């Protein structure tokens, strides 16, 4: 269990409509929050949310938040950690990390530690969402299947731990922990060619998941073998999660691999989402084409008769995406400014809220945002959402 704990991160969904009950309302001096409270929504100004934290934990959280606001510190953080490890030695370094950054963001190293953290959150009406934050980028490919198989075992343990955590459990999953980033990029490139449409479709991936020994002509023998192993790993996790009634939220990553991630996610949906949305996809609203991608996937899911779950985020890879677009000479995929990202987010949010209003059993949503306006818009919008 130590290995799982070492890689386990704990998050909490801000709002899950059609899936998650809301936290009981509390008083707020702000007019918008007061309006929200009047409709049974959330308050953002009640200090009671910190009542189970010690003064040290509150101070630590504030300090780390302030540290993260300095770009130069964030930019050189990995180098600083590496130097600290060499100077302090492993034991002293780990002790310091557990009391600071690691302790702030990680639920625990052992199952008992994780359960203590989960129980504390539940006392505040917060449902935990477990994540195994392992991912791979270009140039980090592993030799053979061992690393990916190890990650599969960790993911399966995460499913079991999530299932034991209470009602309506959820977990996050990164596909590049189970399939190489290089293969994801290669598949994404071929997905951009219309001639590959009949080959690269959810149905063909599902057939591989279910044991068919098919091979794509544009992949080498080794790449086809890795693809078969990868999608079967993902299918194993998806089916295990569905059997244990755990919703799996598949993370989006970089634009140069996202088409492949969406393809594989849709294949997982095809296996598991006939009656309920157990497998969800993530949409990054800081991308200019996020709304069109969401609309396209909704159409695909509808044509396949699938339920559809969405994790709606703004995005986390802006600096690298812009840097790559300059280096490679293609158009910047990121929205022009913060306001444009907000408009993009609300447009996708409204589309999903409309669908949930029509059929909340087949369409689910998490408003994965720290933005108060986005959350308040979701919970105060005319036409209240169905609650399960």
Exactly one of 320, 351 is closer than 30 Å to residue 268 by Cα and surrounded by 15 or more Cβ atoms within 10 Å (Cβ to Cβ), and that residue is 351
Looking at segment 367-385, is at least one residue modelled with pLDDT of 90 or more, under 19 Å from residue 283 (Cβ atoms) and not in a loop (DSSP other than H, G, I, E, B)? yes
With respect to residue 135, determine if the residue is surrounded by fewer than 17 Cβ atoms within 10 Å (Cβ to Cβ), touching a residue at least 12 places away in the same chain (Cβ under 8 Å), closer than 24 Å to residue 229 by Cα and touching a helix residue (DSSP H, G or I) at 6+ places or on another chain (Cβ under 8 Å). yes
Among the residues of segment 180-191, is any in the same structural domain as residue 298 (by TED's automatic domain parsing), touching a strand residue (DSSP E or B) at 6+ places or on another chain (Cβ under 6 Å) and at pLDDT 95 or above? no
Taking residue 21 as the residue in question, decide whether it is modelled with pLDDT under 90 and either surrounded by 13 or more Cβ atoms within 10 Å (Cβ to Cβ) or assigned to a loop (DSSP other than H, G, I, E, B) (or both). yes
Count - residues of segment 53-70 that are within 24 Å of the chain's Cα centre (by Cα), outside any helix (DSSP H, G or I) and closer than 23 Å to residue 118 by Cβ: 0
Within segment 146-188, how many residues turn out to be within 16 Å of the chain's Cα centre (by Cα) and closer than 18 Å to residue 239 by Cβ? 12
Which members of segment 121-132 meet the condition of being surrounded by 14 or more Cβ atoms within 10 Å (Cβ to Cβ) and either touching a helix residue (DSSP H, G or I) at 6+ places or on another chain (Cβ under 6 Å) or more than 20 Å from residue 247 (Cα to Cα) (or both)? 124, 128, 130, 132
Do any residues in segment 43-67 that are farther than 18 Å from residue 106 by Cβ have Cβ atoms under 6 Å from those of residues that are assigned to a helix (DSSP H, G or I) and modelled with pLDDT of 85 or more, where the two are at least six apart or on different chains, and which pairs are they? 44/372; 50/58
In segment 217-243, which residues are in contact with a helix residue (DSSP H, G or I) (Cβ under 7 Å, 6 or more places away or on another chain) and either part of a loop (DSSP other than H, G, I, E, B) or outside the structural domain of residue 265 (by TED's automatic domain parsing) (or both)? 218, 219
Would you please name the residue that is surrounded by the most Cβ atoms within 10 Å (Cβ to Cβ), looking only at residues in segment 292-305 that are touching a residue at least 40 places away in the same chain (Cβ under 8 Å) and within 18 Å of residue 360 (Cβ to Cβ)? 294
Which residue out of 66, 91 is loosely packed, with under 13 Cβ neighbours inside 10 Å, over 28 Å from residue 47 (Cα atoms) and out of contact with any strand residue (DSSP E or B) (no Cβ under 9 Å at 6 or more places or on another chain)? 91
Of the numbered conditions (1) surrounded by 18 or more Cβ atoms within 10 Å (Cβ to Cβ); (2) touching a residue at least 60 places away in the same chain (Cβ under 8 Å), residue 182 satisfies every one except a single condition; which is it? (2)
Would it be correct to say that residue 356 is touching a residue at least 24 places away in the same chain (Cβ under 8 Å) and either surrounded by fewer than 18 Cβ atoms within 10 Å (Cβ to Cβ) or touching a helix residue (DSSP H, G or I) at 6+ places or on another chain (Cβ under 8 Å) (or both)? no
When you scan segment 132-157, how many residues do you find that are within 26 Å of residue 185 (Cβ to Cβ) and modelled with pLDDT of 85 or more? 11
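The values are calculated or read from the model by the stated rules, or taken from the named source; none is laboratory data. Quantities reported herein were computed from a predicted structural model and do not represent experimental measurements. Heads up, the Cβs are rebuilt from the backbone with ideal geometry, glycines too, and the neighbour counts pull from every protein chain shown.
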